[in-house]
Amino acid sequence: MAIAENIKQLQLELPLEVTLVAVSKTKPLEALEQAYNAGQRDFGENKIQEMTQKFEVLPKDIRWHMIGHVQTNKVKYMASFVHLIHGVDSLKLLQEINKQALKHQRIISCLLQVHIAKEETKFGFSEAEILQVIHSEEFAALKNIKIEGLMGMASFTSNKTEVINEFTNLKNIFDYLKPYQTFNCNFKILSMGMSGDYQEAISCGSTMVRIGSSIFGERNYTKNQ
Ligand SMILES: *Cc1c(COP(=O)(O)O)cnc(C)c1O
């Protein structure tokens, strides 16, 4: 029951223009069903195999978000159904997504992940690298992907000023890229904010928050992040 209440609470709290992605990684099917029954349709997973297994048995109107780091050789498993890939961090990965999307005769929506945190371990492009990618000939040839925006993760810190600085940085990059629109590129989604920092993210202009533990409870951190 708690899951449904958490979802309803967030639905009331979040501004209308902010999409809630319920991050269900490591959680059992029953947990996702409870969220689904409370009206939740956007779910985020960080492992392709786990997402695929859940996709196969859960209702088909769920929109599946891949929020984790994507290995090129696994794109094929989700290419038929994934709704949005948040963590795109190389041209090579975009090319593979394009290839697999073409096989399924669809266009796969993607977000470019931007490295905004101080920590070395977080994946992502710099602003300069994004400009390089989207202006390249290779990118212009990709007809089965669409860049719909940016995704970022702030540093894992209790220092809210630092978190706000990092989100503001990402919002500035987003605003800078916004006018750049082509057939495969239209920056309109800004995916930032998790359980610990979504309020700051929204105040900095987030349009999509990825919330896990505040909905489903804590995960087993020895296994996952
Ligand atoms: C796990 C995860 C989340 C959700 O984290 P919570 O702190 O549980 O809300 C959000 N984004 C990404 C990329 C994640 O891997």
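Couple of notes before you dig in:
- Only residues that are in contact with a strand residue (DSSP E or B) (Cβ under 6 Å, 6 or more places away or on another chain) and within 12 Å of Val82 (Cα to Cα) were counted in the stretch 36-54, giving 4.
- Any hit, the stretch 79-94, residues being over 29 Å from Glu129 (Cα atoms), in contact with a Leu (Cβ under 7 Å, 6 or more places away or on another chain) and among the hydrophobic types (A, V, I, L, M, F, W, C): no
- Every pair of residues 6+ apart whose Cβ atoms lie under 8 Å, when the first sits in the stretch 89-117 and is in a strand (DSSP E or B) while the second is of a type in the set (Phe, Trp, Tyr): Leu112/Phe125; Gln113/Phe123; Gln113/Phe125; Val114/Phe125
- Within the stretch 19-46, the set of residues being within 12 Å of the ligand (Cβ to nearest atom), closer than 14 Å to Ala2 by Cβ and part of a loop (DSSP other than H, G, I, E, B) comprises Lys27 only.
- Within the stretch 50-67, tally of residues that are away from the ligand (no atom under 16 Å from the Cβ) and either exposed (fewer than 15 other Cβ atoms within 10 Å of the Cβ) or under 17 Å from Gln40 (Cβ atoms) (or both): 9
- Residue check: Lys60 meets all listed conditions (1) of a type outside the set (S, T, N, Q); (2) out of contact with any strand residue (DSSP E or B) (no Cβ under 7 Å at 6 or more places or on another chain); (3) in a helix (DSSP H, G or I); (4) within 23 Å of Ile3 (Cα to Cα) but one, namely (3).
- Filtering Gly212, Gly152, Gly193 for residues that are within 16 Å of the ligand (Cβ to nearest atom), buried (at least 18 other Cβ atoms within 10 Å of the Cβ), at positive phi and not acidic (Asp, Glu) leaves a single hit, Gly193.
- Of all the criteria given as (1) in a helix (DSSP H, G or I); (2) surrounded by 15 or more Cβ atoms within 10 Å (Cβ to Cβ), the one not satisfied by Ala128 is (2).
- A Cβ distance below 6 Å, combined with a sequence gap of six or more or placement on separate chains, defines the contacts here; from the stretch 137-153, residues that are over 25 Å from Leu170 (Cβ atoms) reach residues that are crowded, with 18+ Cβ neighbours inside 10 Å and not acidic (Asp, Glu) in the pairs Asn144/Asn98; Asn144/Ala101.
None of the figures in this text is laboratory data; all of them are computed from the coordinates on show. Just so it is clear, the model here is predicted, and its values are computed rather than measured. Every residue, glycine as well, gets a Cβ built from its backbone with ideal geometry; the counts of neighbours run over all protein chains shown.
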